[in-house]
1. Can you tell me which residue among ASN74, ASN95 is within 30 Å of PHE387 (Cα to Cα) and modelled with pLDDT under 95?
2. Find the strands (runs of 3 or more DSSP E) located wholly in region 46-151 whose residues include 2 or more that are more than 30 Å from HIS314 (Cα to Cα) and over 17 Å from the mean Cα position of the chain (by Cα), and list them.
3. Give me a count of the residues in region 334-362 that are part of a strand (DSSP E or B), open to solvent by less than 10 Å² (accessible area, probe 1.4 Å) and in contact with a Gly (Cβ under 8 Å, 6 or more places away or on another chain).
4. Of these, ARG23, ARG30, ARG8, which one is loosely packed, with under 10 Cβ neighbours inside 10 Å and among the basic types (Lys, Arg)?
5. Within region 175-208, track down each residue that is in contact with a Pro (Cβ under 6 Å, 6 or more places away or on another chain) and either in a helix (DSSP H, G or I) or crowded, with 24+ Cβ neighbours inside 10 Å (or both).
6. Scan region 316-333 residue by residue and report those that are open to solvent by 20 Å² or more (accessible area, probe 1.4 Å), farther than 12 Å from PRO210 by Cα and at pLDDT 95 or above.
7. Restricting to region 250-275, what's the tally of residues that are open to solvent by 40 Å² or more (accessible area, probe 1.4 Å) and under 22 Å from the mean Cα position of the chain (by Cα)?
8. Among ASN292, ASN280, which is more than 21 Å from the chain's Cα centre (by Cα) and touching a residue at least 60 places away in the same chain (Cβ under 8 Å)?
Amino acid sequence: MSLQINARPFTIAVGDDVLDDLRARLARTRFPNEVEGGGWHYGADLTYMREMVRHWQTDYDWRKWEAVLNGFPNHVAEVDGFNIHFICEKGSGSNPTPLLVTHGWPGSVFEFHKIIEPLAHPERFGGDVADAFTVICPSLPGYGWSSAPAAPMHPKQIADLWARFMTEVFGFEKFAAQGGDWGSIITSWLAHRHPDRLIGIHLNMVPLKPFLGKGTPPVSADEKEWIGRFRARTARAMGYFQIQGTKPQTLNYGLSDSPAGLAGWITEKFQYRVKEGPGNLSLFDMDELLTNIMIYWVNNAHNSASWIYTAVTHEGGMELEARADGSADRIEVPTGFCLFPYDLVPVPPESWLQRAYNVQSLTVEADGGHFAAWEKPEELTRDIRSFFRGLE
């Protein structure tokens, strides 16, 4: 089946002047002092950041990684006044399932560079061509090479935009969707607001909180215990949410001006995993970490990227509410979860997920954290294939 894309081809081409300016700024980095023996406990470790800045200035080759990104088919489409950048890898076989994959913060479309080809071409990786997807990975509004909204944009609004994007750019009447981090929230609202468009959704983070008001089953002992673990875990690692949700402008004078500042703010989130606690875990190659950071830097996009936190801080929208008849709202689109034990959100009892979602599949992996597509690509790919194969 031919795939018609109502978009223009796009080539990532960062100017030499941008790279020269970056190297000059890195050379002038003024590092902060550090609590004696603090390591990663108080944030980004000074020893690690000195090495990252040195490597970024002298050894890192953006052109190499720019070519990796351009190795995927990149496009830009105009939808509802936005220029949306996206990668679209047409799947093998005669009828690949369209799959919309949404990233979050501080990720980017680069976060999916290890799963795009296995999902689109399973036969090249020992799988069955019948499981092929046409993989579509857009950059969120205000991220990467997508244009920024004029004001903070709520996940519900992005969900509406994605519904139009998949219809107007590709002509798909129905499609599958997957997401982690903000991608799980946006994908959830997409299923809630446009259920007729979805074959099913697959999530690798625990997203919307269920409605717990009148008429709902009492919270069980297991659920109460999980709520306690959730609060304890997030209390240690969610300060960034409060800052980006309330005063992002102030923060981003520093992050827009200092590449080292931007790298410290983002890298810390990739160097924290609950199993080991904060530290240099060597989960992600430094070049790959820098490539993700570069997508923010070369587009000066971090401020607009952080506005999604501001939107939910002011408007809510992280939980389901009661329906007009007083019953608990619920996402009825078939939902699959693949959860990793060392994510920011601990794995809840299945009863908690069933309160809010029509859970058709729940996989709990033995290892792995928040950035599953990057850290555990084989496990995530396998579960996505299995879930949507089961729906068919």
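1. Working: ASN74 fails: modelled with pLDDT under 95.
After ruling out the rest, the residue left standing is ASN95.
2. Numbers: elements: 74-79, 82-89, 97-102, 133-138.
Strands (runs of 3 or more DSSP E) meeting the threshold: 74-79, 97-102, 133-138.
3. Here is the first cut: in region 334-362, the residues part of a strand (DSSP E or B) are 334-339, 357-362.
Narrowing the set further to residues that are open to solvent by less than 10 Å² (accessible area, probe 1.4 Å) leaves 335-339, 357.
Retained after the next criterion (residues that are in contact with a Gly (Cβ under 8 Å, 6 or more places away or on another chain)): 335-336.
Final tally of qualifying residues: 2.
4. Working: ARG23 fails: loosely packed, with under 10 Cβ neighbours inside 10 Å; ARG8 fails: loosely packed, with under 10 Cβ neighbours inside 10 Å.
Answer to the check: ARG30.
5. SER184, ILE185, ILE186, SER188, TRP189, listed by residue number.
6. Selection gives GLU332 alone.
7. 5
8. On the way: ASN292 fails: more than 21 Å from the chain's Cα centre (by Cα).
The match here is ASN280.
The values are calculated or read from the model by the stated rules, or taken from the named source; none is laboratory data. Small disclaimer: the values here were computed from a predicted structure and weren't measured. For neighbour counting, all protein chains shown are included, and Cβ atoms are generated from backbone atoms with ideal geometry for every residue, glycine included. Only protein heavy atoms, including side chains, enter the accessible area calculation; ligands, DNA and RNA are left aside. Shrake-Rupley method; radii C 1.70, N 1.55, O 1.52, S 1.80 Å.
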